[in-house]
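Asks: One structure is given below, represented as C-alpha cells, and several questions about it will come after.
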Amino acid sequence: MGEEDLTKHGIGSLPGSLYEAAMELKGSSLMQEVLGEHTHANLVGNKLIEWDDYRTHISEFELQRYLPVL
C-alpha cells in the first residue's frame, strides 16, 4: 500500500526506532494495565537505557570510515 492508501484506511506505521517504540510504550495505558505499573515503568526505563547505549555506541564501521578524516 502507498502512503495515501495507508492514510485513507487509518493505518499507521510502526515506530522507526527503539526510542519511538519506548515512547509509545510509555504512553500506553493498555500496556500499563497489562504489565502493572511497576513492570511497565521498569520496562520503559530499561528500553530508554538500551536506546541511549545504542545511540552513543561508536561502531567499527564509523571508526574506519570517519576517524581517518580527522
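Asks: Stokes-Einstein diffusion coefficient for the chain at 4 °C in a medium of 1.567 mPa s, Rh from the Kirkwood formula over Cα pairs: what value in µm²/s? Kindly include the intermediate steps, with their values, before the conclusion.
Replies: Numbers: Rh = 15.0 Å.
It comes out at roughly 87 µm²/s.
Asks: In nanometres, what is the gap between the two model label sites at L43 and S28, each 7 Å from Cα along Cα-to-Cβ?
Replies: 0.6
Asks: Charges only on Cβ, +1 for Lys and Arg, -1 for Asp and Glu: so what's the dipole of the chain about the Cα centre, in debye to the nearest 20? Walk me through the intermediate numbers first.
Replies: Details: 5 positive and 12 negative charges, 21 e Å.
In debye, rounded to 20, the chain gives about 100.
Asks: Further question on the same structure: Which order results if D52, D5 are arranged by neighbouring Cβ count within 10 Å, fewest first?
Replies: Numbers: D52 12, D5 9.
Going from least to most buried by this count: D5, D52.
Coordinate-derived values only; no laboratory data. The structure displayed is predicted, hence computed values, not measured ones. For neighbour counting, all protein chains shown are included, and Cβ atoms are generated from backbone atoms with ideal geometry for every residue, glycine included.
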